[in-house]
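First comes the structure, then the notes that go with it.
Quick note: the coordinates plus some simple rules give every number you see, no bench work behind them. Here the structure is a predicted model, which means the values were calculated and not measured. Positions of Cβ are backbone-derived with ideal geometry, glycine not excepted, and every protein chain shown enters the neighbour counts.
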Amino acid sequence: MPKLRIEAEVNGRKVDRETEPHKRLLDFLRDDLNLTGTKEGCGAGECGTCSVFVDGKLVKSCLMPAGKANGAKIETIEGLAKPGDLTPVQRAFHKTGASQCGYCIPGMVMAATSALRENPQADIEEIKERLGGNICRCTGYTKIFEAVEIAKGVIAGTVPETALEEDMVDDSFIGANVRRLDAPSKVSGRLKYAADMKLPDMLQMQVLRSPHAHARILSIDTSEAEAMDGVACVITAQDVPGTDGFGVFVHDQPIMARDKVRHVGEAVAAVAAEDLVTARRALSKIKVEYEELPGLFDPGEAMAPGAPVIHDYAQDNLIKHIPVRKGDVAAGFAEADLILEDDFSTQQVEHAYLEPEAGVAYVDPDDVVVVISPSQNISHHRHMLAEIIAKPINKVRFIMSPVGGGFGGKEDMIYQGMLALAAMKTHRPVQLNFTREESLIASAKRHPSRVHYRMGLKWDGRITAIEFDMLSDGGAFGMSSEGVMRKAAILSCGPYEVHNLKVDTRVVYTNNTPSGAFRTFGGMQAQFATESMMDMAAEALDMDPFEIRRVNMMKVGAKTHTQQTLETASLDRVLDAAEQASRWEKGAPRVRGATRKDLNGPDTRQPCTLGARIKKASKDSDESERVA
């Protein structure tokens, strides 16, 4: 196919280039002109990281064919200010701390610039509306909006230029507005993330992924792909020279599927070629023969006798069980005036960081295998990779590139081993950039969980006993599951002193997408259940929700669930601050639904439990009733 010629003005300079006809404006800017400040976050025009000006109008460059830019005047983040300088908008972003991971910030700056160019007097609601096509996963947007308002005032002359200057810091940095050192590179688009890096003679990698959740690999034929012009190498699990199994706690994850696949999207083979188009075409030439196996998608079914076995070493599909015991649970429930029992569940959650996974690998002149990626655990990844490629640790180097959002999702190693193998096989730099679809299908998610909760209480709100049983879906590989379950067990019953408790957290294998690290690391799932139970208990006992928490909160000298004595405690101050800040109206929650007859308590009450099973704890009755 003939080349496409583009003549345009880009950032004030005339450009006359030939490019491939299939390219988008985003590709032309990044690949042909090396203007990598314009990012690709979604490839679907949803996130705004690729925003540029075309003939003065803000457009999503991932949606615009490069050919349509012929004859146009294009302005990218790099062209907003002279080299080494920043516009008022960029300086305001620096001032307010509006850039955190920074991946969305070039697009956000372009959108803010567009808003103020089109209406220099835009109020805050219009600013929010005009920035609505841009997504940020880090800041919460408040500092971004604040920055645009400051820049608006400076541009209009109603706010002095000094408003953009750095605040003075006295004797202590604590409480001072200290600027991020890396903010100028982020707001100007100069910071290079892994996908922005360009090395001489660099190959592009693409990955063949499994269409099946659970299947035995009968054969892989890569010969036709390897024979293609422009293909430098094809790799499979057979190319692994060392230990083909890695993970944070259990080494159950191969670099690429070996013998069988365990989830849809698992890597089966990878191609390194001269360009992306050739690599993608080569994937279609790889022939894989599968024998489908029964899939396992429910964690409850994973523990049932006769369930499909995901990993041979774990015939019961159990990855890890963390038990915690304290006191005498039976005695605690016997002491209770009231017993609540209910079930809670949380779903799988995608991290949705704006930067899809990306990396570069090469072999340096001293035969050191170097991997550059936004890894949140590079020391551990380095040690694992050394075993995988059978090299001493001093021959493996990991470099952490800027992380365009992680939230724990870039802690588990997924693709770095493939990059290293291809670099070793070709002795050329190799780059792999995930699409958003690949990121969704192949990266680890938050653990889905199911919690069965039983809580015994006295009429005054004091907890006498808790049984907490959590079952989590670990997906196809162990990854960070053991650590997540350990943290869930430790935090299971919240910051409350409970003398009698029985806690069990379990995580099992399924054929779902693997689960891994995510913010709160098991704590969210546990606390959702515990704090829901506390609210339900307050309603059942006709107590103020803050008051029932004060009755049970850990104080100095309290023993935690794992028998540690607290020398400091601050929950009382936290509750006071939360109650004041929320302008809480004191009193028990309003009763919703049907009321329940008196449970022979010390006074007449009409509690409601939002559907929980309530039981009066007594020796002569163990009946329970369902309340609407």
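List of remarks:
- The angle between the Cα long axis of helix 523-540 and the main principal axis of the chain comes to about 40°, on a 0 to 90 degree scale.
- Cut-off under 5 Å, modelled amide H: who pairs with L293 long-range: H214, A215, R216
- Projecting the Cα atoms of A183, A257, G157 onto the charge dipole of the stretch 154-266 (Cβ charges, centred on the Cα centre) puts A257 farthest toward the positive pole.
- Over all Cα atoms in the stretch 348-495, the spread is summed up by Rg and Dmax: 20.3, 74 Å.
- Residues with amide H under 5 Å from that of A232, placed H, sequence gap 5 or more: A272, A273, E274
- Average projected area [Cα convex hull, the stretch 203-292], square nanometres: 6.0
- Ranked by the mean number of other Cβ atoms within 10 Å of their residues, highest first, the peptides 458-464, 286-292, 507-513, 351-357 come out as 507-513, 351-357, 458-464, 286-292.
- Rounded FRET efficiency, nearest 0.05, which uses the C-beta distance separating D16 from L566 and R0 of 60 Å: 0.30
- For the chain, calculated [θ]222 nm from helices alone, where every DSSP H run of n ≥ 4 adds -39500 (n - 2.57): -7000 deg cm²/dmol
- Separation in nanometres of the label points that stand 7 Å from Cα toward Cβ, at E224 and S345: 4.3
- The long axis of helix 571-581 is offset from the longest Cα principal axis of the chain by roughly 70 degrees.
- Distance between modelled label sites at K559 and T243, nm, 7 Å Cα→Cβ extension: 3.9
- Bridgeable lysines around K445 (alpha carbons under 22 Å apart, same-chain partners fewer than 8 residues away excluded): K260, K320, K410, K487.
- Its residue count N sets the reference 2.2 N^0.38 Å, and the alpha-carbon radius of gyration of the chain equals 1.13 times that reference.
- Under the Karplus curve 6.51 cos²θ - 1.76 cosθ + 1.60, θ = phi - 60°, whole-Hz ³J(HN,Hα) for the stretch 458-472, x wherever Gly or Pro sits: 8, 4, 7, x, 6, 7, 9, 6, 9, 10, 10, 10, 10, 10, 10
- Nearby lysines by direct alpha-carbon distance to K192 (threshold 17 angstrom, same-chain neighbours under 8 apart not counted): K39
- Placing unit charges on each Cβ (+1 for Lys and Arg, -1 for Asp and Glu) gives the chain a dipole about its Cα centre, and among I6, Q376, S492 the Cα reaching farthest toward its positive end belongs to I6.
- Of all lysines in the structure, the ones whose alpha carbon falls short of 17 Å from that of K152, not counting any fewer than 8 places away in one chain, are K95, K128, K143.
- Table column - 3J(HN,Hα) (Hz), the stretch 511-522, Karplus curve with 6.51, -1.76, 1.60, x for Gly and Pro: 9, 8, 3, x, 9, x, 6, 7, 2, 6, 6, x
- Packing rank of 572-580, 362-370, 245-253, 197-205, where each peptide gets the mean count of other beta carbons within 10 Å, highest leading: 245-253, 197-205, 362-370, 572-580
- Length released on extending from E292 to D364, taking residue separation times 0.36 nm less the Cα-Cα span: 21.7 nm
- Considering only L203, G557, Q315, and ranking their Cα positions along the charge dipole of the chain that arises from unit charges at the beta-carbon of Lys, Arg, Asp and Glu, the one farthest toward the positive end is L203.
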